[in-house]
Every structure is written in structure tokens, then in C-alpha cells.
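Step one of this worksheet: look at the structure below.
Coordinate-derived values only; no laboratory data. This is a predicted model, so every value here is computed, not measured. So basically every Cβ, Gly included, is an ideal-geometry build from the backbone, and we count neighbours across all protein chains shown.
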Amino acid sequence: MPDLSHGTPDDAAAVNALRSSVMRLSRRLKHQRVDESLSPTEMSVLGTLSLCGSATPGELARKEHVQPPSMTRIVALLEAKGLVRLEPHPDDRRQKVVSPTERAETMLDESRRKRNAWLAALAEGLDEDEWARLRAAAPVLEKLAHL
């Protein structure tokens, strides 16, 4: 594995360009929301529940890299909006399990379709070689996102 902390100037430039472009693209994708009343954090929590399944607020806090009291507030807001339901934990009565509602799943599906369509429209501006390189880079970016 390369040690980029002491890499060449080209490596440093590549890391800088990657950071900048990923952040810019992420910000632009965040604006392609179906429901503007939800914060990006609320959308992220719903996405995590959709992908990973039901979880306790503590598990969600770890996955989302927020403090447990913050997650408790986020879950309460999502519950008030009818987007999650809280159920007793099967093994620990002191805990609750958070699950997305059908309404949340429908909203997430719509949001994914809208964002995918927006990104596909952008990709139409790429030539065949650029599109091939982007397809090849997608698994690497996915890996970075989950390290």
C-alpha cells in the first residue's frame, strides 16, 4: 500500500484534486433532494437504515459518526415526521430499535432516482474514454468511502 503522506508532488496534487472534486460533487448531489424539509444528516440516517437495516440509536451514532445525544435528537425528529418507528429491543428492554417506515423507503427511492438521473445527465458530457475510466474508478471510490 502506498504511503501518500510522504509521496511525490504528483501524489499530493492527485489527493488534493480528489478531495476537492469529491467534496464539490457531493455538495451538488445534496441539492438534488426530493424532500427539502430534511437535513442532509437526516437523509444520511435514513439511507444508513435502508442499507444496513434496523439499528439502535447508539449503533446509528457510530455509523454516522455523531454523538449519541445528537442521534437521539435526529431519531426523534424523524419519528415525528413519520419516517422511522421505534420498537423495543428484543434482548435489552432499555434499548429501542429504529426502523425506516414505508414512507421513508419510498422517499429514499425517489431521491436515489432523482440523483442518479442528475448524475447520468452529467455523465452524458463525458467522452467514451472518460466514461470508461469513471466506471473503473467507481469500485475504488466505493472502497475509499467505506474504509
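Once you put a point 7 Å from the Cα of D11 and another 7 Å from the Cα of R24, both along the Cβ direction, what distance in nm separates them?
2.5
Which order do S99, S111, S26 fall in if you start with the one that has the fewest other Cβ atoms within 10 Å? Don't skip to the end; give the middle numbers.
Details: S99 15, S111 18, S26 10.
Ordered by Cβ neighbours within 10 Å, fewest first: S26, S99, S111.
What residues qualify as long-range amide H neighbours of V84, i.e. H under 5 Å apart, gap of 5 or more or another chain, H built at 1.01 Å from N?
Here the answer is E79, T101, since their amide H atoms fall under 5 Å of that of V84.
Could you work out which residue, out of P100, P88, P40, moves most in a Gaussian network model of the chain, that is, has the largest mean-square fluctuation with Cα springs under 10 Å?
P88
What distance in nm separates the simple spin-label points at A80 and S54, each placed 7 Å from Cα in the Cβ direction?
Rounded to a tenth, the inter-label distance reads 2.4 nm.
Suppose only helical runs count, i.e. DSSP H with n ≥ 4. What mean residue ellipticity at 222 nm does that imply for the chain under -39500 (n - 2.57) per run, divided by all residues and rounded to the nearest 500 deg cm²/dmol?
Working: 6 runs with 96 residues, N = 147.
It lands at -21500 deg cm²/dmol.
Compute the helix-to-body angle for 68-80: its Cα long axis versus the longest principal axis of the chain, expressed 0 to 90° and rounded to tens.
70
If you build the Cα gyration tensor of the chain and take the root of 5 times each eigenvalue, what three semi-axes come out, in whole angstrom, biggest first? Show your work: numbers first, answer last.
Details: eigenvalues 229, 86, 33 Å².
Working through the eigenvalues yields semi-axes of 34, 21, 13 Å.
Return, for the Cα atoms of segment 44-103, the radius of gyration and Dmax in Å, separated by a comma.
Considering segment 44-103 through its Cα atoms, Rg and Dmax are 10.4, 27 Å.
What is the count of Lys pairs in segment 32-145 whose alpha carbons sit under 24 Å apart, if the two are 8 or more places apart or on different chains?
Eligible lysine pairs with Cα atoms under 24 Å apart amount to 6.
Distance in nm between label sites at E124 and A137, each 7 Å beyond Cα in the beta-carbon direction?
For the pair E124/A137, the computed spacing is 2.2 nm.
If r is the Cβ-Cβ distance from L147 to T106 and R0 is 25 Å, what FRET efficiency results, to the nearest 0.05? Show your work: numbers first, answer last.
Values: r = 31 Å, r/R0 = 1.25.
Efficiency for this residue pair is about 0.20.
Report ³J(HN,Hα) in whole Hz for each residue of segment 40-49, in order, from the Karplus equation J = 6.51 cos²θ - 1.76 cosθ + 1.60 where θ = phi - 60°; Gly and Pro get x.
For segment 40-49, the Karplus curve yields x, 5, 4, 4, 5, 5, 4, x, 5, 4 Hz.
Between 0 and 90 degrees, rounded to the nearest ten: what's the tilt of helix 128-145 against the longest Cα principal axis of the chain?
Orientation of helix 128-145: about 40 degrees from the principal axis.
Taking θ as phi - 60°, what are the ³J(HN,Hα) couplings along segment 24-29 by the Karplus curve (6.51, -1.76, 1.60), each to the nearest whole Hz, with x for Gly and Pro?
Calculated HN-Hα couplings, in order: 5, 5, 4, 4, 5, 5 Hz.
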